[in-house]
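Notes follow once the structure below has been shown.
The values are calculated or read from the model by the stated rules, or taken from the named source; none is laboratory data. Since the model is a prediction, treat every value here as computed from it, not as a measurement. With ideal geometry, Cβ positions are generated from the backbone for all residues, glycine too; neighbour counts draw on all protein chains shown.
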Amino acid sequence: MRTLEKTVETKKRGRIENLKPWKPGQSGNPGGRPKHDVASQIARAVFEGNEEAIYRAMCKALLKGSPRLFVALAERAYGRLRESLELSGLEGVVEILEKRREALRKADAKPMSEAASGEN
């Protein structure tokens, strides 16, 4: 009987009816983002002081086929690299879309005209 009560309480707690909007001027995250990220500081200390050890560890990880540790540590210490994105190959897209729309319009109009001629 106790598990049934817990299930009912859990379902009741997670319902949309229990959601309450923030009061005007109230923040959803009053503490804000932490000022100092401890993990970032540790990663910087590891990278800046142990170049030779990092080189050896990186080589060892690459030989095993897993560079994930290095990427994670580098991103944590210095942030992710920004990638520039260039869109290409969109030259004929507008024309193709217009042709498809026209074909759909013709297909939609054709059954109506056939139905009208069949009723007479």
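Identify, please: which residue in segment 65-98 is among the hydrophobic types (A, V, I, L, M, F, W, C) and closer than 25 Å to Val46 by Cα and is, among those, surrounded by the fewest Cβ atoms within 10 Å (Cβ to Cβ)?
First pass over segment 65-98, keeping only residues among the hydrophobic types (A, V, I, L, M, F, W, C): 69-74, 77, 81, 85, 87, 90, 93-94, 96-97.
Those left that are additionally closer than 25 Å to Val46 by Cα: 69-74, 77, 81.
Working: Leu69: 12, Phe70: 15, Val71: 12, Ala72: 11, Leu73: 19, Ala74: 17, Ala77: 17, Leu81: 7.
So, considering only residues that are among the hydrophobic types (A, V, I, L, M, F, W, C) and closer than 25 Å to Val46 by Cα, the one surrounded by the fewest Cβ atoms within 10 Å (Cβ to Cβ) is Leu81.
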Which condition breaks for Met112 when tested against (1) surrounded by fewer than 10 Cβ atoms within 10 Å (Cβ to Cβ); (2) part of a helix (DSSP H, G or I); (3) at pLDDT 80 or above? (3)
Contact list, first residue from segment 76-95 and under 22 Å from His36 (Cα atoms), second anywhere and surrounded by 10 or more Cβ atoms within 10 Å (Cβ to Cβ) and among the hydroxyl-bearing types (Ser, Thr, Tyr), beta-carbon distance below 8 Å, six or more apart or interchain, is Arg76/Ser40; Ala77/Ser40
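Residue-wise test of (1) part of a helix (DSSP H, G or I); (2) touching a Lys or Arg at 6+ places or on another chain (Cβ under 6 Å); (3) at pLDDT 75 or above.
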| residue | (1), (2), (3) |
| --- | --- |
| Pro34 | no, no, yes |
| Arg44 | yes, no, yes |
| Glu48 | yes, no, yes |
| Arg56 | yes, no, yes |
| Phe70 | yes, no, no |
Condition check for Glu119: acidic (Asp, Glu) and at pLDDT below 75: yes
